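The values are calculated or read from the model by the stated rules, or taken from the named source; none is laboratory data. What you see is a predicted model; the values in this text were computed from it and never measured. For neighbour counting, all protein chains shown are included, and Cβ atoms are generated from backbone atoms with ideal geometry for every residue, glycine included.
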């Protein structure tokens, strides 16, 4: 029987768990396996896409680590199989760039990059029945985009004209324009340009006119529509929610919306929770409509109550089915606050603690050690933070002022109540720290 005291068994478990990357549909080393949540989030998103094919504009938001990327990944997987939402393209803002300050141009370049990556395989299989008569058009689209990007990014052709030199991020990149290398050249240019536009200082960015990028993108999208059943494609734009610069967020969510409207595909885009609230809320909702919010899962009490199947299944798929007794599983589920990223983190650290102490399984004491380690993060909270946390949770409102408490470490969780109203609660990991603050504040008073 497997034992966490055995290093090889521990390695096997840890090799299947990753708290920092989205869950995947098939078992893959170093990735957590996706498990169905059991709520109606995906069903509602699917309805949005199927009823407004090619016209849907949907923002998906929710707290950090709640599982937005995993749900978009599952939507993408389903779309590839049944094509009810047209040809789906997964656009990953975090693939090559750091999204914290990424503006609308960076997002558009990411769409172009990942749409081209989704089409490139057709040029390698021109004899496929579905490609007949369409490949010359795709080659023409590729060549026009290359030509336009060379002009926009100030590419310098070499004397023989078969190479172009681009300067991205302070470095020169040489790109071959030989016919058999053009597809790879376009992929390289788009990748480096999207990275440059996202991470460079504003003064160093190219400032490519988004209108031009929309025209180029629509050429690809029209070809997709012909190639894949004459249904408009769907762009799933992930990790936009990691934009932290308020000006960049407003640029993407508000100012660039006229460009998003002109794109000939449905768009599902993750959005920073804090920028769908407060001052930007009316501006965002007037363009996108109400956001689709992914809420934390229901959690059991720490010492009793049923545990949702998803918590059990994630542990089981990692090889912990017989290695985490229900009392330990309940503790990790409870202190995750129903947010899957800290839940996976707790499983990882609990398994390590069990191994360190020579335990075959995750004992409740191992889980508690991992929980206490995460609770230490709240020592960095200021008195003002705790005062705000107490005020918001006691009054049930004030979320606009408390957006910093929605980030990691998570001090506040926003739950969907049974009556449909949002409920504000203290995250279980923050409760002890808040209680200490309250005792000290009471003693001073």
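For the range 5-58: of the residues being assigned to a strand (DSSP E or B) and within 17 Å of residue 236 (Cα to Cα), which is modelled with the lowest pLDDT? It would help to see each step written out before you state the result.
Within the range 5-58, the subset assigned to a strand (DSSP E or B) is 24, 33, 57-58.
Adding the requirement that they be within 17 Å of residue 236 (Cα to Cα) leaves 24, 57-58.
Details: 24: 84, 57: 97, 58: 97.
The extreme case among them is 24.
Considering each of 402, 370 in turn, give the residue that is surrounded by 19 or more Cβ atoms within 10 Å (Cβ to Cβ) and within 25 Å of residue 34 (Cα to Cα).
Details: 402 fails: within 25 Å of residue 34 (Cα to Cα).
Just one listed residue meets the conditions, 370.
Can you go through 136, 202, 159 and tell me which one is exposed (fewer than 13 other Cβ atoms within 10 Å of the Cβ) and in contact with a helix residue (DSSP H, G or I) (Cβ under 9 Å, 6 or more places away or on another chain)?
Details: 136 fails: in contact with a helix residue (DSSP H, G or I) (Cβ under 9 Å, 6 or more places away or on another chain); 159 fails: in contact with a helix residue (DSSP H, G or I) (Cβ under 9 Å, 6 or more places away or on another chain).
Unique residue meeting the criteria: 202.
Can you tell me which condition residue 375 does not meet? The list is (1) at pLDDT 95 or above; (2) surrounded by fewer than 19 Cβ atoms within 10 Å (Cβ to Cβ); (3) under 19 Å from residue 303 (Cβ atoms), and all the others hold.
Condition (1) is where residue 375 drops out.
So which of 266, 291, 286 is without any contact (Cβ under 8 Å) to a residue 24 or more places away in the chain and over 18 Å from residue 103 (Cα atoms)?
The match here is 286.
For residue 125, are the conditions met, namely being outside any helix (DSSP H, G or I), touching a helix residue (DSSP H, G or I) at 6+ places or on another chain (Cβ under 8 Å) and assigned by TED's automatic domain parsing to the domain that holds residue 241? Steps first, answer last, please.
Values: outside any helix (DSSP H, G or I): yes; touching a helix residue (DSSP H, G or I) at 6+ places or on another chain (Cβ under 8 Å): yes; assigned by TED's automatic domain parsing to the domain that holds residue 241: yes.
Here the answer is yes, as residue 125 does meet what is asked.
Might you let me know whether the range 294-311 holds any residue that is touching a helix residue (DSSP H, G or I) at 6+ places or on another chain (Cβ under 7 Å), surrounded by 19 or more Cβ atoms within 10 Å (Cβ to Cβ), modelled with pLDDT of 95 or more and outside any loop (DSSP other than H, G, I, E, B)?
yes
Search the range 29-43 for residues that are over 10 Å from residue 317 (Cβ atoms) and pair each with any residue that is modelled with pLDDT under 90 and surrounded by fewer than 20 Cβ atoms within 10 Å (Cβ to Cβ) when their beta-carbon atoms are under 7 Å apart and the residues are at least 6 apart or on different chains.
Every condition considered, the pairs that remain are 31/21; 31/24.
Within the range 177-198, can you find the residues that are closer than 15 Å to residue 167 by Cβ and surrounded by fewer than 19 Cβ atoms within 10 Å (Cβ to Cβ)?
The one that is closer than 15 Å to residue 167 by Cβ and surrounded by fewer than 19 Cβ atoms within 10 Å (Cβ to Cβ): 188.
When residue 322 is evaluated against the numbered criteria (1) surrounded by fewer than 18 Cβ atoms within 10 Å (Cβ to Cβ); (2) assigned to a loop (DSSP other than H, G, I, E, B); (3) within 29 Å of the chain's Cα centre (by Cα), which criterion, by number, is the only one it fails?
The number of the failed condition is (3).
In this structure, does residue 442 turn out to be more than 24 Å from residue 293 (Cα to Cα), out of contact with any strand residue (DSSP E or B) (no Cβ under 7 Å at 6 or more places or on another chain) and free of Cβ contacts under 8 Å to residues at least 24 places away in the same chain? Walk me through it before giving the result.
On the way: more than 24 Å from residue 293 (Cα to Cα): yes; out of contact with any strand residue (DSSP E or B) (no Cβ under 7 Å at 6 or more places or on another chain): yes; free of Cβ contacts under 8 Å to residues at least 24 places away in the same chain: yes.
Judged against the criteria, residue 442 is a match.
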